[in-house]
Every structure is written in structure tokens, then in C-alpha cells.
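Contents: one structure, followed by commentary.
The values are calculated or read from the model by the stated rules, or taken from the named source; none is laboratory data. Note that the structure is predicted; figures quoted are calculated from it, not measured. Cβ coordinates were reconstructed from backbone atoms using ideal geometry, including for glycine residues, and neighbour counts include every protein chain displayed. Areas reflect the complete protein model, heavy atoms only, side chains present, ligands, DNA and RNA absent. Shrake-Rupley method; radii C 1.70, N 1.55, O 1.52, S 1.80 Å.
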Amino acid sequence: MKRETFRKSLGVRHVACGSCNGCEHEMNALSNAFYDITQDGYDIVASPRHADIVTVTGPMTPAMRAAARETLDAVPRPRIVVAIGDCAAGEGPWSGAPSAGPGAGIELQATITVRGCPPTPEEIRAALKSLPLSS
Amino acid sequence: MNGVHAIAAERFADRVEAECLTALPLGAYARAEEVRYLFLAASGPYALAHPREAEAPLRAVSGTFPLFSWDEREMAQEWGVRFDALPDARPLRGTAGEMPPAIVAQGAGLMRFVVGPVHAGINEPGRFTFSSGGETIVHLDAQLSYAHRGVERHVEGLGALQAAPLVARICGSCSAARSFAYARALEQLAGIELAREVELARLVLAEFERIYNHLGDLAASAAGAGWGPGFASGMALKERAIRLCRLAGGHRLLFDAIVPGGVGAQTLRERPRIARELADLARDIEAYLTRLFAQSSTVARWQRAGVVSRESAHAFGAVGPAHRASRGEIDVRTFAPYGAYREFAVRIAHASGGDSFGRLRVKRDEIRESLRLIGAALAEIGDAALPDPQPMAVPAGDATAVVEGPRGSEVVALHTGGDGILTRLHVISASYRNWPLVARAMDGNIVPDFPLVNKSFNLCYACADR
Ligand code: SF4
């Protein structure tokens, strides 16, 4: 993967895997006038086909497992999975609950993890900007 | 009427149905020993209970009042409660990753399409199965539970005080309301009263949560009707409200701002700055609301979209803005006042059309009233010091508390054993109550109106799924 390939045109697709919606509030905030990550070259996209980055939240639930996999499989390669929040990192409040999995980021093998409950929009943006985009 | 009233099995359903006509039905839950149907009267919540030792099947109340449909399906699926004549006998939630089949309308010329569980935006997961004839929706089956983590079972066995940060994280959008109800249930059990300043501070936090939620709903509804500037301005205001939440309660989404025995240590520290930023925000919000509701092409999309009649609002147990937009009278803050709401006369917002426009008008008016309430409460607190949370010993027993969250009544019912250990926690969120109604609100509407009708409710999934 070459950095030039993706510069200023990274599509971000989000998949909530049993989160509490707190992380989604902060992901959505990235598009408001205060953070506006389009200025950094990121675009929240509606289809996994348009995505380069997949953000995942939540501990992963049995009900979301297949849909999350299918969404990820629909993303063209190369792609990067980013785990957002303590739940996705496998160390959130519901870790160990009867229908909570190991963390969406653990299960879907995230490249990087943004800790926090939820992480702030600044923290998410900084993490996206730090992604290892060249190999 | 207060407390818990045991009713024999053969009379139980009749009694619950009669009660639905005089009190606000909140929902129902089971535990190993009993089944409880909860109601709210002006004097507070109470329960009709049926002991389970006999295990005679109960007649399902959802045949008459569909509002209990999800509760009864959940009790049957997860607690093995046996019902006669359950109109929808499917399990409420998926098992081992498999969703129960969706209900689909059959007929010549009808088609079906499925949306979700992964949605186009940054949203929570849910599966919507539409049956439509061309553009007109004939039936919508909304199936949730993709965010079911098993939170109630998970907190069983924890100390009730220790579980508070978990309760705050069941749902990110109504965390303060749920923590408020949880704290009130525990304080009632422990028999403690809080200082007036603390109750006032809780009001401030709860109203900030309402403001940021309603602003987000208005912005999303502008987007649903295709007005970009209304979305962008609304989301910017929501961000400012969230920053004020951080300033007022120490967390952008108010997690752990309301705790058992009081409020978090970060609460209302920089009061002059809060007052200043609040005044600026209030002015800009007012300008936004005026502009938004004067945008006739946007408002025209909201009008007559997703109509809920007063009758279906009652039968489906609508709460919150969804209830008050369909000529409902009840807001828990005035119907069964608690804490600092006992000292302020909250002006309740109403609408009569039951459409998306009505729900959004209620939310608009509630933002204005919340701003007024926060200002009044801050003035009352002045520069009084806020005491640390009151220590409490949680005895064995049970308690139920209800508060008015952004989407309506937020109910927490809890049972404790020795050493203040939780033996059962049940959460009935306003979203859980209102979701079946969103599906019915779409009957006869056109497919392109789903996003804006849905956003006029803007219900949560996490606290409905638990
Ligand atoms: S990390 Fe916190 S905010 Fe994010 S989904 Fe989990 S509980 Fe919610």
C-alpha cells in the first residue's frame, strides 16, 4: 500500500457491534463543523464498497457477528480496521457479559485501537491521522 | 396506590387491563419468583404481581394492549413465563445469532425489502423488513436486539453501588436519565434524602441531556427532509451542548455525572463560565429553532408523515415526546414529580397532530423549557458548595424509580439481597416502549419518509436491547 494512493481520499465505514451508542455520538461528531474530518481527507461513506477504513465499536454480540463479517468482506483491500472505544478493545464495561464477545476490535483484528469510554472526537481524529498508510 | 399488589392468576390479566385505563403502564418483567407489571400513578410507581409457584399460564395482556407485546415476548423467551394467547409468539431476540423470522405482508403486487442490521450512516444496528406496494409501506417489522449484551444478567451478583458505572453505560444517549433513576431507586431503598443543591444540580444535568439529544434529533430530521444547512447548524449546536455537558458534569455524554447519593465530583465547578456559555448557546439555539421551523419545504415534509393517533399512542403505550405529540398529557416531571422537579412548575410541551412535525415541535418547545429550567436551577444553587455523594448502606429489598428522559419514562426496577448485592435489575427504556410504535407509524406512508419519521422519534437501540 502506497501512501500516495490514499491521500486525502480515505473512505470510513462504521460498524456498531453492540456498542452503547456513546462511541457513535463521537464518531458522528467528527463530521460536525468543529472537527470536520473531510478537511483531513476522510469521508464517512455509506457503502463498505467505498471504504478504506472500517471503524468498529462494541464488545461484538452473537447477533452482529455475521453482519459485521459480511460488511468487512465487502470492503476492497487493502483496508484498515480501527477499533473505537474500550468495548471494542475488549476491556469495556460489558466485557464478560453473557452476550458480549471479546471486543469487536479483537475479533476483527483491528490495526489500531482508540481507547476511551468513549474516546473524544479529537482522540479518534488523531488516531485516524496516525494510521500506518504505507507498507 | 403504591407498593406491590399480589393478584391471583385467573384475575391477573383483567386487573392489568383495568389498570391500563387509569394509570400509566410502564412495562413488565419477570424474575424466578414472580411476574410484575408496573404502573405509574401521581404518587409514584407501583406493581401488580403474580407469584410464579403455581405456574398456571397467564392470559397475555398484549392481546388487548399491544404495549406489553415486547415485555411478554421477553418474559417468555428469557424467563420461561407461560402465556395463553400471545398474539406474537416469536422470541423477542435472536438466539445464537439467528433472528426470528420477520413478519411480511403477502398479496399481489407487494414486495419486500430488508434494511440493516448495518445502516448507511453511523447508527446503531437493527433490521427493518418493509412490505410495500410500490412506494407505499404496507407493513414494517422492526427487529432489534443486535446490541443485546445481557447487561441485566451481568450485573446480578455485583454490589448495587459498584454497578452504577455499568448502569451509566447501558446506553450512551440517555445515560444521565438512567443513572438518575438508578440512584433514586437505591436512595429510596436506603431511605436517604439529598441536599437541595444536589437535587438542583441533578435537574441541570438531566436537562442538558435532553437539550443535546433533542438538538441532534432536530438536526437529523432536517437531514431526513433534505435540508443540509439545518443539519449542519443543528449538529454544531449539539456539539456545543455536549461541550457544556462536559463542563457541567465532567463528561461529554454525562457518564457518571449522577451517582448514587449525589452527583460526581466534577459537577458544576465553573459556574460563571457555564452561565456565560449557556447564555450564548441559548441565543444561538433560539435563532436556529426559528430558522428551522420557518423552512417551509422542510416542515412540509414533516407534516402528516408518520401519524400516530391518540388511540394507537395509548394502546402501544407511547411515552415522552411521542406520547405528548399525540395529545398525551403525561410528563413524569409533572405527573409524578421527583427531586428538584417538585419545586419548579415545568411547562409541558404538547402537540395534537401525532405526526413527525408534532413530535419535533414538542422537542423544540422542550429545548426552550430545559434552557429556562437550567437557568432557574443555577440561579437557585448560586455559589453553594455541592456536597460529596452521601454514603449509604443498601439493605435487602426492592425499589422502582421513574424519571423523564429525553425520549420519555426511564424505568429502573431493582432487587437486592444481603450486603446490597443486586439480585435482579430490570431496565425499561422509553425507546423499548416506543419502538413498536415507530413501525406502526409507517403504515400507509411512503418509503422515502422512513428516515425522517424514524428521526422524529430517534429512539435508541442499546437501552432497548440491553
Ligand atoms: S466504549 Fe464506552 S462509550 Fe463506547 S460503546 Fe463501550 S460503553 Fe459505550
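Place +1 on the Cβ of every Lys and Arg and -1 on the Cβ of every Asp and Glu in the stretch B:151-433, take the dipole about the Cα centre, and give the residue among B:Thr416, B:His314, B:Cys171 whose Cα lies farthest towards its positive end.
B:His314
Just need the relative contact order of chain A here, percent rounded to a whole number, with Cα pairs under 8 Å and 6+ apart.
28
Which whole-Hz couplings ³J(HN,Hα) result when phi for each residue of the stretch B:178-191 is put into the Karplus expression 6.51 cos²θ - 1.76 cosθ + 1.60, θ = phi - 60°, listed in order with x for Gly and Pro?
5, 4, 4, 5, 4, 4, 5, 4, 5, 5, 5, 5, 7, x
What percent antiparallel are the DSSP beta bridges of the stretch B:4-84, to the nearest 5?
Numbers: 14 of 19 bridges.
Counting only bridges with both partners in the stretch B:4-84, antiparallel ones make up about 75 percent.
If you wrap the stretch B:321-457's Cα atoms in a convex hull and average its projection over all directions, what's the area in nm²?
The Cα convex hull of the stretch B:321-457, projected and averaged over all directions, gives 10.7 nm².
Tell me the total accessible area that B and A bury against each other, 1.4 angstrom probe, in square angstrom rounded to 100.
Summed over both sides, the interface buries about 3200 Å².
Which residue, chosen from B:Gly44, B:Ala96, B:His119, occupies the Cα position most advanced towards the positive end of the dipole of the stretch B:1-147, where the dipole is computed from +1 (Lys, Arg) and -1 (Asp, Glu) charges on Cβ about the Cα centre?
It is B:His119, whose Cα lies furthest towards the positive end.
Of the accessible area of the stretch B:4-84, with the probe set at 1.4 angstrom, what percent is carbon plus sulfur? Could you put the intermediate results ahead of the total?
Details: 1590 of 2980 Å².
Of the solvent-accessible surface of the stretch B:4-84, carbon and sulfur hold 53 percent.
Add +1 for every Lys or Arg and -1 for every Asp or Glu among the other residues with Cβ under 15 Å from the Cβ of B:Glu17, and state the total.
Counting the neighbours of B:Glu17, the net charge comes to -3.
Please calculate how many Å² of accessible area the stretch B:174-255 carries per residue, with a 1.4 Å probe and no DNA, RNA or ligand atoms counted.
For the stretch B:174-255, the solvent-accessible area averages 22 Å² per residue.
Using a 1.4 Å probe, how large is the accessible area of B:Asp465, given in Å² and rounded to the nearest 10?
Accessible area of B:Asp465: about 0 Å².
Round to a whole number: what % of the accessible area of the stretch B:279-349 belongs to carbon and sulfur, probe 1.4 Å?
The nonpolar share, carbon plus sulfur, comes to 52 percent.
Over all distinct Cα pairs, what is the inverse of the mean 1/r for chain B, reported as the Kirkwood hydrodynamic radius in Å?
Values: mean 1/r = 0.0443 Å⁻¹.
22.6 Å is the Kirkwood radius here.
At q = 0.13, 0.16 Å⁻¹, work out log10 I(q)/I(0) for the stretch B:58-163 with the Debye formula, treating every Cα as an identical point scatterer and leaving solvent out; two decimals please.
Calculated log10 I(q)/I(0) at the listed q: -0.64, -0.90.
Would you kindly work out the equivalent ellipsoid of the stretch A:71-125 from its C-alpha gyration tensor and give its semi-axes, the square roots of five times the eigenvalues, largest first in whole Å?
Output for the stretch A:71-125: semi-axes of 20, 16, 7 Å.
How high is the relative contact order of chain B? Use alpha-carbon pairs under 8 Å, at least six apart in sequence, and give a whole percent.
That works out to 20 percent.
Please name whichever of B:Ala8, B:Leu67, B:Ala56 sits farthest to the positive end of the charge dipole of the stretch B:4-84, dipole taken about the Cα centre and charges placed at Cβ: Lys and Arg +1, Asp and Glu -1.
Farthest along the dipole direction, towards plus: B:Leu67.
Run a plain Debye calculation on the protein assembly as shown (Cα atoms as equal point scatterers, no solvent) and give log10 I(q)/I(0) at q = 0.05, 0.07, 0.09 Å⁻¹, rounded to two decimals, same order as the q list.
-0.20, -0.39, -0.67
With charges set only on the Cβ (+1 for Lys and Arg, -1 for Asp and Glu), what does the dipole of the protein assembly as shown come to about its Cα centre, in debye to the nearest 20?
1440
Please report, as a whole percent, how much of the solvent-accessible surface of chain A comes from carbon and sulfur atoms (probe radius 1.4 Å).
47
Would you mind giving the mean number of other chain beta-carbons within 10 Å of the Cβ of each residue in B:235-246, as a whole number?
Rounded to a whole number, the mean comes out at 3.
Can you compute the charge dipole magnitude of the stretch A:1-123 about its Cα centre, using +1 on each Lys and Arg Cβ and -1 on each Asp and Glu Cβ, nothing else charged? Give it in debye, rounded to the nearest 20.
Around 500 debye, computed over the stretch A:1-123.
Arrange the peptides B:376-384, B:163-171 so that the one whose residues have, on average, the most other Cβ atoms within 10 Å appears first.
Order by mean packing, descending: B:163-171, B:376-384.
Which of the residues in the stretch B:144-169 show a loss of at least 30 Å² in accessible area from their chain by itself to the complete set of protein chains, at a probe of 1.4 Å?
By number: B:Tyr146, B:His148, B:Arg149, B:His154, B:Leu166, B:Arg169.
Ignoring ligands, DNA and RNA, what accessible area per residue does the stretch B:379-466 give at 1.4 Å, in Å²?
Dividing the accessible area of the stretch B:379-466 by its residue count gives 28 Å².
Among the Cys residues of chain B, which have no other cysteine Cβ under 4.7 angstrom away?
Result for chain B is B:Cys20, B:Cys174, B:Cys245, B:Cys460, no neighbouring Cys Cβ within the cutoff.
Restricting the count to DSSP beta bridges whose residues both fall in the protein assembly as shown, what percent are antiparallel, rounded to a multiple of 5?
Approximately 70 percent, going by the DSSP bridge assignments.
Report the convex hull volume per residue for chain A, counting only C-alpha atoms, in Å³. If you can, show how the numbers build up before the last one.
Values: hull volume 11.9 nm³, N = 135.
With only Cα atoms used, chain A gives 88 Å³ per residue.
Where both residues lie in the stretch A:3-129, what percent of DSSP beta bridges are antiparallel, nearest 5?
Around 0 percent of the beta bridges assigned by DSSP in the stretch A:3-129 are antiparallel ones.
Would you be so kind as to list the residues of the stretch A:51-93 that have their accessible area lowered by at least 10 Å² in the full protein complex compared with their chain by itself (1.4 Å probe)?
Buried by the other chains: A:Thr61, A:Pro62, A:Ala63, A:Met64, A:Ala67, A:Thr71, A:Pro93.
Taking only DSSP H segments of four or more residues, each worth -39500 (n - 2.57), what value at 222 nm results for chain B once the sum is divided by all its residues, to the nearest 500 deg cm²/dmol?
-13000 deg cm²/dmol
Let me spell out the model: positive unit charges on the Cβ of Lys and Arg, negative unit charges on the Cβ of Asp and Glu, origin at the Cα centre of the stretch B:375-452. What dipole size does that give, in debye rounded to 20?
Dipole size: approximately 380 debye.
For the stretch B:4-84, list log₁₀ I(q)/I(0) at each q in 0.11 Å⁻¹, using the Debye formula over Cα point scatterers of equal strength and ignoring solvent, two decimals each.
-0.24
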